[in-house]
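Below is one structure, written out as structure tokens; the observations come after it.
The values are calculated or read from the model by the stated rules, or taken from the named source; none is laboratory data. All of these numbers come straight from a predicted model, not from anything done at the bench. Cβ placement follows ideal geometry from the backbone for every residue including glycine, while neighbour counts extend to all protein chains displayed.
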Amino acid sequence: MPKEKKPYPCPEFGAHLRELRKEAGFTQESFALAAEFDRTYVSGVERGERNVSLISISRFADALGLHPSRLFEFYKTEDQ
């Protein structure tokens with residue numbers, strides 16, 4: 001029996017990134033500056049409209065002072 005496909009993860013990633021950003025005390029503007037992105041890019045990621053690259057993930061994590069794996073803590077497998 002084939003496994004059911006997981007839903008597109010960008011909205012969940014974006015919501016989790018927003019939560020981490022707010023916990024760290026960043027506004028979208030200040031976070032974008034710290035990660036060297038435009039605020040509109042960060043906004044699009046947080047709304048789940050952007051499919052981010054590994055480089056972007058690393059820049060987000062560095063700006064938050066976190067290991068990149070923390071940005072994926074929202075993701076659950078069928079075993080969890």
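A few notes on this one:
- Candidates Ala24, Ala61: the one that is touching a helix residue (DSSP H, G or I) at 6+ places or on another chain (Cβ under 8 Å), surrounded by fewer than 17 Cβ atoms within 10 Å (Cβ to Cβ) and of a type in the set (A, V, I, L, M) is Ala24.
- Criterion: at pLDDT 95 or above, among the aliphatic types (A, V, I, L, M) and over 24 Å from Tyr8 (Cα atoms) - qualifying residue of Leu71, Leu33: Leu33
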